[in-house]
Protein chains: 2
Amino acid sequence: MSDPFDFDRESAVTELGPGRFAGLISARWNVGQVPNGGYVMAIALRALGASFAAPARDPLSATAHFLRPAAPGPVEITVERIKEGKTVVTAEARLVQSGREVTRVLASLGRLDAAEGPRFIDAQPPPMPPPEQSLPRPAGMPDIELARRFEQRFDPATVGWATATATAAAARQDAAPAPARAEIRAYQRFVDGRPPDLLSLPLFADSLPPPVFAVLTPGWVPTVELTVHFRARPAPGWLRSQFRTRFVFGGFLEEDGELWDESGQLVAQSRQLAMVPNRAFR
Amino acid sequence: MSDPFDFDRESAVTELGPGRFAGLISARWNVGQVPNGGYVMAIALRALGASFAAPARDPLSATAHFLRPAAPGPVEITVERIKEGKTVVTAEARLVQSGREVTRVLASLGRLDAAEGPRFIDAQPPPMPPPEQSLPRPAGMPDIELARRFEQRFDPATVGWATATATAAAARQDAAPAPARAEIRAYQRFVDGRPPDLLSLPLFADSLPPPVFAVLTPGWVPTVELTVHFRARPAPGWLRSQFRTRFVFGGFLEEDGELWDESGQLVAQSRQLAMVPNRAFR
């Protein structure tokens, strides 16, 4: 437990035996009483990565189904090695607390920088003002422990819902504004200076307020499933991130995310399916 | 085996015992020698759905990792019921052929129409000419058995790569055109008149030529992982679909899809991570 950084210390796993690992879920990545899903997923990825010999253990694609809320405290991780191919290995992790499975993670791993091949990129990093012209976490966002682990700088254009005063919000309603976009753009980095890496990307993909808060009153939005595609090792510095929800209906919503590093490289895409409790529009 | 429609007959499973099912993978959904991944996923979903009492067995989110190519012939499906919640159940299916697992599917199921709640939709069906002004499958697309199971009508704006003659293609190269978009838009329905349903959505999400063929010479694009979000029961008729790839680099690409029904309702979103062999640009 001598890791210098919060995330490494608090996502570490110890091998108990073949395919069995112990970890300790910290309360310091909580959203309310519940540890963040991306953080729990990162713990699973540590166990998955430790189960295969380097160098074929970069995560490529990982899907977590959140069965019940995790809790701060001990967790046991069981890894099943499903298939070991030459270029891709597939495995899954079961995270168990107090005898009950809380999260199942299915993932493929391999070497991210092995193949170069053709390059076609039809996208740009999210358009944002520079970090120094962006906003620290607005007071109108939920006050959660998780947020204290990060520096966050928000694109002002995307967080009016969290910066407007009650009066201003009422005025906006009178003016019958066009429906807002459910989108949040922000720069993110660890507050303790830890550089981003592949393992931390699920956490960065799940650490901003749900963009649906722009159109629905904030509240608990339980994730059913979160998938992250890992596309490149992030360069040190800010991660420029964008999360957007386009479809809220039938009790569910999707949330699509992109994480770009300071070199202008896409490093991850994320998508989750979450449940929307019956809740008022803002 | 008295189902009137191809898809139902050829994705049927028989329960062998608790959590054990037998199926028969048909060669009639092949891409070359390999059964289509969405078709294989649908067989898994049948076994998953049959493992839970109605009504909580609509698929909500399903992720398949393709471990090795499936082959036409018998398949045994083992289902593990991971968690049975009040509103969501989570389970996984292992598809085994000749003693070797070919595909692992992790899924959450529930009731798609149980919750109404808030509705916010910030999207439109893909812009396309009506089916009668769209193109039948162009001769320049790969001639595969799978395509004979569908009627397909392509938006001409998205399949120039498959309709242009060799001369026209050469002329385009001389003119140094702007990089194409890797996008395909098409209407799809079963050729035998079977209406679309939830179970068939993974197949529709994986049955058009990869949009990357617009920018790279066509060839085998092995899917590592395919996730489908099931959002609504499709109305009978055409499925209006759009698939796009924005990031080809480092040997991998993503493919994002949307399926909309004739009533103008989004019914599914899909995303896959696939490998790009080293291959020439068109």
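The values are calculated or read from the model by the stated rules, or taken from the named source; none is laboratory data. The shown structure was predicted, so the numbers you read here are calculated from the model rather than taken from an experiment. Heads up, the Cβs are rebuilt from the backbone with ideal geometry, glycines too, and the neighbour counts pull from every protein chain shown.
Among (1) surrounded by fewer than 17 Cβ atoms within 10 Å (Cβ to Cβ); (2) more than 10 Å from every other protein chain (Cβ to nearest Cβ), there is one condition B:Glu80 misses while meeting the rest; what is its number?
(2)
Restricting the search to the range B:1-21, which residues are in a strand (DSSP E or B), touching a Phe, Trp or Tyr at 6+ places or on another chain (Cβ under 8 Å) and not β-branched (Val, Ile, Thr)?
Listed by number, the list holds a single entry, B:Glu15.
Among the residues of the range B:244-282, what is the count of those that are in contact (Cβ under 8 Å) with a residue 24 or more places away in the chain, within 20 Å of A:Val267 (Cβ to Cβ) and among the small types (Gly, Ala, Ser)?
The qualifying residues number 2.
Out of the residues in the range A:56-77 that are closer than 23 Å to B:Lys86 by Cβ and in contact with a helix residue (DSSP H, G or I) (Cβ under 7 Å, 6 or more places away or on another chain), which is surrounded by the fewest Cβ atoms within 10 Å (Cβ to Cβ)?
A:Ala70
Quick one: B:Leu112 ticks every box in (1) within 16 Å of B:Ser61 (Cα to Cα); (2) more than 7 Å from chain A (Cβ to nearest Cβ); (3) in contact (Cβ under 8 Å) with a residue 60 or more places away in the chain except a single one, so which number is it?
Going through (1) within 16 Å of B:Ser61 (Cα to Cα); (2) more than 7 Å from chain A (Cβ to nearest Cβ); (3) in contact (Cβ under 8 Å) with a residue 60 or more places away in the chain one by one, B:Leu112 breaks only (2).
Give the residue that is surrounded by the most Cβ atoms within 10 Å (Cβ to Cβ), with candidates limited to residues of the range B:250-262 that are at pLDDT 95 or above and facing chain A (nearest Cβ under 9 Å).
Residue satisfying both the conditions and the ranking: B:Leu253.
Just to verify a result, which residue in the range A:263-282, among those that are outside any strand (DSSP E or B) and of a type outside the set (A, V, I, L, M), is surrounded by the fewest Cβ atoms within 10 Å (Cβ to Cβ)?
Among residues in the range A:263-282 that are outside any strand (DSSP E or B) and of a type outside the set (A, V, I, L, M), the one surrounded by the fewest Cβ atoms within 10 Å (Cβ to Cβ) is A:Asn278.
Listed residues B:Arg81, B:Arg100, B:Arg119; which is more than 20 Å from the chain's Cα centre (by Cα), under 14 Å from B:Gly19 (Cα atoms) and not assigned by TED's automatic domain parsing to the domain that holds B:Asp206?
Answer to the selection: B:Arg81.
Hey, among the residues in the range B:117-143 that are touching a helix residue (DSSP H, G or I) at 6+ places or on another chain (Cβ under 8 Å) and touching a residue at least 40 places away in the same chain (Cβ under 8 Å), which one's nearest to the other protein chains (Cβ to nearest Cβ)?
B:Met141
State all residues of the range B:77-121 that are assigned to a strand (DSSP E or B) and within 21 Å of A:Thr245 (Cβ to Cβ); if no residue qualifies, say none.
The answer is B:Val88, B:Ser108, B:Gly110, B:Phe120, B:Ile121.
Looking at the range B:31-76, which of its residues are assigned to a strand (DSSP E or B) and charged (D, E, K, R)?
B:Asp58, B:Glu76
Filter the range A:209-242 down to the residues that are more than 9 Å from every other protein chain (Cβ to nearest Cβ) and among the β-branched types (Val, Ile, Thr), then identify the one that is surrounded by the fewest Cβ atoms within 10 Å (Cβ to Cβ).
Per the criteria, the residue is A:Thr217.
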